[in-house]
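One structure below.
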Amino acid sequence: MSSEYEDAIREHSEMIYRLALAGTGNVHDAEDITQDVFLKLLNSKKAFADDEHRKAWLIKVTVNQVRLLRRSAWFKKRSKDEIPEITDGEDICTDTENKIVFDAVMTLKQEMRLTVVLYYFYDHSCSEIAKMTGTKEATVRTRLRRAREQLRILLKEDFCDE
């Protein structure tokens, strides 16, 4: 295994996992997608100009893997009872306020979750997200606007009690 590959895992595995989790809403599926993405990187003969190019490629592959999973007959047929959700035992967010925000983001539709995570958590522009997800820039902006509206309502309930 090359040191470039090991560096990619060390630097980007958390990001890939969180994107996959945002796309699937399921810890086990996110872990599988993370492994698949890095396996694709290992088998890839692609030459990357720099780390940003490699990061963009990893994000694009992750988004595509999420799409493939969600389109699969297996995913569509499995019962919601069979899907293990994120439990409190999973230390994804350590402080309470971040956990509340993360939980609210996870209630959004898959397309909005991915857009929110890429925009707010990883600081990508609308045009970059459009390229990564294969959608129009206007669609990305619409998803962000709708996600903000839904999150405002959800988070207002949680933070107004304090």
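Assorted remarks:
- Evaluation of residue 126 against (1) in contact with a Lys or Arg (Cβ under 6 Å, 6 or more places away or on another chain); (2) modelled with pLDDT under 85 (one fails), failing number: (2)
- Residues (of a type in the set (Ser, Thr, Tyr) and over 16 Å from residue 111 (Cβ atoms)) located in the range 30-70: 34, 44
- Residues located in the range 1-29, provided they are over 21 Å from residue 107 (Cβ atoms) and either of a type in the set (Ser, Thr, Tyr) or within 8 Å of the chain's Cα centre (by Cα) (or both): 2, 3, 5, 13, 15, 16
- Test for residue 98: is it assigned by TED's automatic domain parsing to the domain that holds residue 132, among the polar types (S, T, N, Q) and at pLDDT below 85: yes
- The set of residues in the range 40-57 that are over 12 Å from residue 4 (Cα atoms) and either surrounded by 12 or more Cβ atoms within 10 Å (Cβ to Cβ) or touching a residue at least 24 places away in the same chain (Cβ under 8 Å) (or both) comprises 40, 44, 53, 55, 56, 57.
- Yes/no for residue 66 being outside the structural domain of residue 110 (by TED's automatic domain parsing), within 16 Å of residue 118 (Cβ to Cβ) and of a type in the set (Val, Ile, Thr): yes
The values are calculated or read from the model by the stated rules, or taken from the named source; none is laboratory data. Keep in mind the model is a prediction, meaning the values are calculated, not measured. Cβ atoms come from the backbone with ideal geometry, glycine included; neighbour counts cover every protein chain shown.
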